[in-house]
Amino acid sequence: MTTCAHRWSMTDIRSGYLVVEGCYHCGARSSFFSTEPVAPIDEYREGPHFWEYLASYQAVNFNLVCDKCGEKVDLRDMMGLMLSLCEDPRCEVGRLGLELGKKTSIYVALCADSSHDSGRCVSDEGVAALTEYFNQQLRSGRRKIVVVPCRMCDRIDRCKGIVLADSGLTDFY
Amino acid sequence: MRISEIVEKTGLEALNAWEDEDISGVYISDMVSDIITGAAGCGLLLTLQTHKSLIAAANLVDVAMVVFAHDKRPAEDVIQLADKAGIALFTTPDHTWSYAVKLFELGMR
């Protein structure tokens, strides 16, 4: 276990597209980050799934590195962040929001597989580093940021929140 | 520089209730993905973007005030979200560049 009181910075910042796909066979949702100049829209089969392009948003992907000890946290398993607006007491994220109150903002770290059928989600190490990083950016102790993995949501597909992606950006151009 | 000084000297119109505080820097962007990676430590965000996701991003990197250029005005639900996050919203009839020049002339860097 490290004894370093990490001071995190963003590194490996990559601009690209958050591509969302749906399986028209079972209704599952999946997403991936693409650095292609144009977001890929190909349909393809993967095991039991028939993935079809649903949408893409300009987005950014990054890792975190500690300025003091050089430790790096790989966040490639995170597809994006969502500000949770959930107040549903049946949902763990909703309960946490109610418990922590208005001075704390909860951001959900979104992984690629919203069904979590694969058993994978954003790593605990990544979530902890993100929480530390964003709190280190705050100017005063009046507010707090908590980042949680999307596996904590009762139903991420129906979760109430705002995804931090450039949806609607073209509306004003 | 305090928010009150910026409001007074650049002629901003407030869109919600706000509390005075120090502003250390300025960031100009219309992209949420850019704000997340670039606006940390800058108290003032100058933008044309009025989407709700802008407030979610500004809150994450602790933006204190958002100025919408070219008389842009967000919808009521966006203002409510900013209220909840404690982010002050303002609008200016100036274009982004013209308003940026005003901030520069005030000594903001």
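The values are calculated or read from the model by the stated rules, or taken from the named source; none is laboratory data. Since the structure is predicted, the reported quantities are computational estimates derived from the model, not experimental observations. No Cβ is skipped: glycine too gets one built from the backbone with ideal geometry, and neighbour counts run over all protein chains shown.
Residue by residue, here is whether (1) surrounded by 14 or more Cβ atoms within 10 Å (Cβ to Cβ); (2) part of a loop (DSSP other than H, G, I, E, B); (3) touching a Phe, Trp or Tyr at 6+ places or on another chain (Cβ under 9 Å) holds:
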residue	(1), (2), (3)
A:S118	no, yes, no
A:G126	yes, no, no
A:A129	yes, no, yes
A:E132	yes, no, yes
A:G141	no, yes, no
A:V146	yes, no, yes
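Given A:R95, A:R155, A:R142, A:R151, which one is of a type in the set (D, E, K, R) and within 21 Å of B:D83 (Cβ to Cβ)?
A:R142
Can you find, within region B:41-65, the residue that is farthest from the other protein chains (Cβ to nearest Cβ) among those that are hydroxyl-bearing (S, T, Y) and closer than 18 Å to B:T96 by Cα?
Result: B:T47.
Go through region B:24-51 and count every residue that is surrounded by fewer than 22 Cβ atoms within 10 Å (Cβ to Cβ) and under 23 Å from A:V148 (Cβ atoms).
Of the residues in that region, 2 qualify.
Please enumerate the residues belonging to region B:84-109 that are within 25 Å of A:K144 (Cβ to Cβ) and in a loop (DSSP other than H, G, I, E, B).
B:G86, B:I87
Looking only at region B:56-76, which residues are surrounded by 20 or more Cβ atoms within 10 Å (Cβ to Cβ) and over 10 Å from the mean Cα position of the chain (by Cα)? Full working, then the answer.
Going through region B:56-76, the residues surrounded by 20 or more Cβ atoms within 10 Å (Cβ to Cβ) turn out to be B:56-69, B:74.
Once the filter is applied, which keeps residues that are surrounded by 20 or more Cβ atoms within 10 Å (Cβ to Cβ) and over 10 Å from the mean Cα position of the chain (by Cα), region B:56-76 yields B:A56, B:A57, B:N59, B:L60, B:V61, B:D62, B:P74.
Starting from region B:90-102, keep only residues that are touching a residue at least 60 places away in the same chain (Cβ under 8 Å) and of a type in the set (V, I, T), then list their pairs with residues that are in a strand (DSSP E or B) and exposed (fewer than 13 other Cβ atoms within 10 Å of the Cβ) whose Cβ atoms are within a distance under 6 Å, requiring at least 6 positions of separation or different chains.
none
Restricting to region A:149-165, and then to whatever is modelled with pLDDT of 85 or more and in contact with a helix residue (DSSP H, G or I) (Cβ under 6 Å, 6 or more places away or on another chain), can you tell me which residue is surrounded by the fewest Cβ atoms within 10 Å (Cβ to Cβ)?
In this case the residue turns out to be A:M152.
Would you check which residues across region A:111-152 are out of contact with any strand residue (DSSP E or B) (no Cβ under 6 Å at 6 or more places or on another chain), polar (S, T, N, Q) and over 29 Å from A:C69 (Cα atoms) and list them?
A:S115, A:S118, listed by residue number.
State the number of residues belonging to region A:121-144 that are more than 15 Å from A:Y107 (Cβ to Cβ) and either at pLDDT below 85 or touching a Pro at 6+ places or on another chain (Cβ under 9 Å) (or both).
6
Return the residues of region A:73-109 that are within 17 Å of A:R158 (Cβ to Cβ), more than 12 Å from chain B (Cβ to nearest Cβ), among the hydrophobic types (A, V, I, L, M, F, W, C) and not in a helix (DSSP H, G or I); say none if nothing qualifies.
If the condition is that a residue be within 17 Å of A:R158 (Cβ to Cβ), more than 12 Å from chain B (Cβ to nearest Cβ), among the hydrophobic types (A, V, I, L, M, F, W, C) and not in a helix (DSSP H, G or I), then A:C86, A:C91 are the ones that fit.
Residue-wise test of (1) among the charged types (D, E, K, R); (2) modelled with pLDDT of 95 or more; (3) at positive phi.
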residue	(1), (2), (3)
A:Y53	no, no, no
A:L64	no, yes, no
A:V73	no, yes, no
A:R76	yes, no, no
A:L81	no, no, no
A:C86	no, no, no
A:G97	no, no, no
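For region A:20-39, give me each residue that is outside any strand (DSSP E or B) and modelled with pLDDT under 85.
The answer is A:G27, A:A28, A:P37, A:V38, A:A39.
Results for (1) among the charged types (D, E, K, R); (2) without any contact (Cβ under 8 Å) to a residue 24 or more places away in the chain; (3) touching a Gly at 6+ places or on another chain (Cβ under 7 Å), shown as yes or no for each residue.
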| position | (1), (2), (3) |
| --- | --- |
| B:D20 | yes, yes, no |
| B:D30 | yes, yes, no |
| B:I36 | no, no, no |
| B:A39 | no, no, no |
| B:C42 | no, yes, yes |
| B:T50 | no, no, no |
| B:A58 | no, no, no |
| B:A75 | no, no, no |
